[in-house]
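> Encoded as structure tokens, here's the structure I'll be asking about.
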Amino acid sequence: MSQRQIIHGFHAVTSRLRNHPKSLHVIYLDQARKDKRAKEFQKLVEDKGVRLVLAEAARIEEMARGKSQGVVAMADPIQLAKDLEEVLETLSAEPPLLLVLDGVTDPHNLGACLRNADAFGVHAVVAPKDRSAGLSAVAMKAASGAADAVPYFTVTNLARSLRELKDQGILIVGTDDEATMTLADADFSGPVALVLGAEGAGMRRLTREHCDVLVRIPMYGQVESLNVSVSAGVCLYEARRQRGKSGS
């Protein structure tokens, strides 16, 4: 049986309640919360038939190991898809749009990237097992429900996974501050996997070597680079803009 996970924050727990209520075992709510948001949340919990426990704020914060907004849930992990292959096999409406994160170890950044992925219609997010934040409670809270909507896979060998994607006709577009091609010059209308590295180190050498195209986001100020989640949002917006324009 899968190990239970902790989810905290109103957005994250509400998303799980609405989309996968059967995965929830119990929800703890700050007994001091009497505001409208807490009352609406409590009604939703009751409507979904999930056990609700009113508890002291200190106990909830201890369970969350951080800022919880006064709500914590104990849940079973959900599986949106068995693997990346399953995601690709089920796509029919448009070409695949994947987000690959190489070296993103900050759970807040991962959560923000998942939010971007959900907002711009990414079909799956991929990261290496040995250099990724993982879907922790902090990442899921930062994702504000997107972790329940976008499949997130970690792979043992990212370079091999990129080769396999290329074999399936997916263009690998990497981001690099030193690239000569700008983001707008890349073609995102077909099957694409967008690869981003973490701040500072960027993509690993082997990851970069497996990219078909390298692009950069034009920068006009004194700041030399953007947070990885901001970069993801900019790049995914351009990808979605092109797909909307092409009718994909």
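Read-outs: derived from the displayed coordinates by stated rules, not from any lab. Computed from a predicted model, the values in this text were never measured in an experiment. Because the Cβ atoms are built from the backbone with ideal geometry, glycine has one as well, and the counts that use them run over all protein chains shown.
> Dipole of the chain, Cα-centred, from +1 at each Lys and Arg C-beta and -1 at each Asp and Glu C-beta, to the nearest 20 debye?
Numbers: 31 positive and 31 negative charges, 201 e Å.
Dipole magnitude for the chain comes out near 960 debye.
> Aspartates and glutamates within cross-link reach of residue 43: Cα-Cα under 17 Å, excluding same-chain residues under 8 positions apart?
30, 35
> If you don't mind, another one. Using Cα-Cα distances under 8 Å and only pairs 6 or more residues apart, what relative contact order does segment 87-141 have, in percent? Each step should come with its number before you reach the end.
Values: 66 pairs, mean separation 25.1, N = 55.
Taking the mean separation of contacting Cα pairs over the length of segment 87-141, I get 46 percent.
> Now for a separate question. Can you compute the radius of gyration and Dmax for segment 101-237, using only the Cα atoms, both in Å?
According to the Cα coordinates of segment 101-237, Rg and Dmax are 13.9, 40 Å.
> Residue 59 to residue 227: extension gain in nm, 0.36 nm per residue of separation minus the Cα-Cα distance?
This chain segment gains 57.1 nm when fully extended.
> Related question: Divide the volume of the convex hull of the Cα atoms of segment 35-128 by its number of residues and quote the answer in cubic angstrom per residue.
Dividing the Cα hull volume of segment 35-128 by its residues yields 167 Å³.
> Another question about this same structure. Considering only 60, 98, 9, whose Cα is most displaced toward the positive end of the charge dipole of segment 1-102, charges sitting on Cβ of Lys, Arg (+1) and Asp, Glu (-1)?
Towards the positive end, the residue furthest out is 60.
> Taking the Cα centre of the chain as the origin and placing charges on Cβ (Lys, Arg +1; Asp, Glu -1), which of 193, 137, 226 is farthest toward the positive end of the dipole?
Toward the positive end, the furthest listed residue is 137.
> Can you pull the one-decimal nm distance between simple spin-label points at residue 43 and residue 5, each 7 Å off the Cα toward Cβ?
3.0 nm
> Next question. Lys and Arg at +1, Asp and Glu at -1: add these up for the other residues within a Cβ distance under 13 Å of residue 12 and post the number.
So the environment of residue 12 carries a net charge of +3.
> Going by the alpha-carbon gyration tensor, a ≥ b ≥ c the square roots of its eigenvalues, is the chain rounded (a/c under 1.5) or, if a/c is not under 1.5, prolate (a/b greater than b/c) versus oblate? Could you put the intermediate results ahead of the total?
On the way: a/c = 2.14, a/b = 1.88, b/c = 1.14.
It comes out prolate by the Cα gyration axes.
> Also: When the Karplus curve 6.51 cos²θ - 1.76 cosθ + 1.60 is applied with θ = phi - 60°, which whole-Hz ³J(HN,Hα) does each residue of segment 208-220 get, with x for Gly and Pro?
After applying 6.51 cos²θ - 1.76 cosθ + 1.60, I find 4, 5, 8, 7, 7, 9, 10, 10, 10, 8, x, 10, 10 Hz.
> Over the chain, what relative contact order in percent results from Cα pairs under 8 Å that are six or more residues apart?
20 percent
> Could you order peptides 189-197, 124-132, 176-184 by the average number of other Cβ atoms within 10 Å of their residues, highest first?
Most protected by this proxy first, the peptides run 189-197, 124-132, 176-184.
> Which of rounded, prolate, oblate describes segment 203-248, given a ≥ b ≥ c as roots of the alpha-carbon gyration tensor eigenvalues and a/c under 1.5 marking rounded, otherwise prolate only if a/b is larger than b/c?
Values: a/c = 2.31, a/b = 1.20, b/c = 1.93.
Note, shape of segment 203-248 comes out oblate.
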